[in-house]
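K.L.:
Sending over a structure as structure tokens; questions will come in a sec.
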Amino acid sequence: MNQPPDLFEGLSSEECETALALGVRVTVSNGAELFRLGDEADRIYLIARGRLRLTMPMQVRGGEQDVLVEERGPGQTVGWSALIPPYRFTLTATAPLETEVVAFSRETLQHHFLKNPEAGCTVFLNLAAVVGQRLQVFQAMWLRGMEQMVEMRFA
Amino acid sequence: MEMLLMGACLSLLGLAVTALAFNTAAPHTEESPAAEPETARAEAPARFFADSPAMPAVTFSASVPIEALLLQIENHVRLEHAAAESFLAAPNRTLLHSRTMSQLVN
């Protein structure tokens, strides 16, 4: 990672190194799942290399199909459900190619940032930005989807 | 007497023409199989809904392979995601309502 990952933006390089050292590097092989919708979420992940597809099951022709919701790449965060009750993943993350992530357990992060509240505040503001950005994107997508549905059904 | 016969002949001729016309217009029930009216009844709603603007999904009927449909859905999500991100980069009404090239909505 040349640039700091989105979660650690605003931290000094030393703080960033310290925080990264709290994580465990995990390699997800091509086609494998990192987590599944409904699973207990106790880790948040930074993508170091590769890509993750975030999908949700959609009813298509009477069957369930995993449909792409978002794609995340190097430096981006996935799995923030690990920090937000009820700590269950709401999406499924699959690697379309061999991908390396850094996994941080909720407990380790909480412990570290309680001891370093200033860095913790920066990280949780970054997390709020990640969550907020996704919320805003999906608000706009929801509205556009509603418009399209209304236009198709009642035009 | 001649006038009476001529009138009777003309009446018979008129009756014959009317009977012939009626025969042509009337359905030939004895020639049609019993299942045919059922088929006609079954097909009628399909023609009705095909013209309805409320059913645009006919484009993506069962004849489209599921893989192709999923690709179209994925393409739609990518385009809509990009459009939503463009809106967030510079929020304004035009970008919010901008149309994409997605085949699912065009």
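Read-outs: derived from the displayed coordinates by stated rules, not from any lab. Please read these numbers as outputs of a predicted model, since none were measured by experiment. Every residue, glycine among them, receives a Cβ derived from its backbone with ideal geometry; neighbour counts consider all protein chains shown.
K.L.:
At a Förster distance of 25 Å, what's the computed FRET efficiency of B:Val64 paired with A:Met152, Cβ-Cβ distance as r, to 0.05?
P.N.:
Details: r = 17 Å, r/R0 = 0.68.
Once the sixth-power term is evaluated, E becomes 0.90.
K.L.:
For the pair A:Arg61 and B:Arg78, what calculated FRET efficiency results from E = 1/(1 + (r/R0)^6), where r is the Cβ-Cβ distance and R0 = 22 Å, to the nearest 0.05? Spell out each step's value before the answer.
P.N.:
Values: r = 21 Å, r/R0 = 0.98.
Plugging the Cβ-Cβ distance into 1/(1 + (r/R0)^6) gives 0.55.
K.L.:
Once a ≥ b ≥ c are taken as the square roots of the eigenvalues of the Cα gyration tensor of the range A:66-155, is the result rounded (a/c under 1.5), prolate (a/b larger than b/c) or oblate (a/b not larger than b/c)? Could you put the intermediate results ahead of the total?
P.N.:
Details: a/c = 2.83, a/b = 1.86, b/c = 1.52.
Cα axes put the range A:66-155 in the prolate bin.
K.L.:
Give me the dipole magnitude in Debye, nearest 20, for the range A:1-122 about the Cα centre, with unit charges on the beta carbon: positive for Lys and Arg, negative for Asp and Glu. Kindly include the intermediate steps, with their values, before the conclusion.
P.N.:
On the way: 11 positive and 17 negative charges, 58 e Å.
So the magnitude is around 280 debye.
K.L.:
Relative to the Cα centre, what is the charge dipole magnitude of the range A:64-154, using +1 at the beta carbon of each Lys and Arg, -1 at the beta carbon of each Asp and Glu, and rounding to the nearest 20 debye?
P.N.:
Numbers: 7 positive and 10 negative charges, 67 e Å.
Once rounded to the nearest 20, the dipole reads 320 debye.
K.L.:
Return a whole-number percent for the relative contact order of the range A:1-129, with Cα pairs under 8 Å and 6 or more residues apart as the contact set. Please list the in-between numbers first.
P.N.:
On the way: 262 pairs, mean separation 49.0, N = 129.
Relative contact order, the range A:1-129: 38 percent.
K.L.:
Please list, in order along the range A:90-99, the HN-Hα scalar couplings obtained from phi with the Karplus expression 6.51 cos²θ - 1.76 cosθ + 1.60 (θ = phi - 60°), rounded to whole Hz, x for Gly and Pro.
P.N.:
Result, rounded to whole Hz: 9, 9, 10, 10, 10, 8, x, 8, 4, 10.
K.L.:
Sum -39500 (n - 2.57) across every DSSP H segment of at least 4 residues in chain A, then divide by the residue count to get the 222 nm mean residue ellipticity, nearest 500. Mind dumping the intermediate values first?
P.N.:
Numbers: 3 runs with 56 residues, N = 155.
When only DSSP H runs of four or more count, the value is -12500 deg cm²/dmol.
K.L.:
Once you put a point 7 Å from the Cα of A:Thr27 and another 7 Å from the Cα of A:Ser12, both along the Cβ direction, what distance in nm separates them?
P.N.:
About 3.5 nm separates the two model spin labels.
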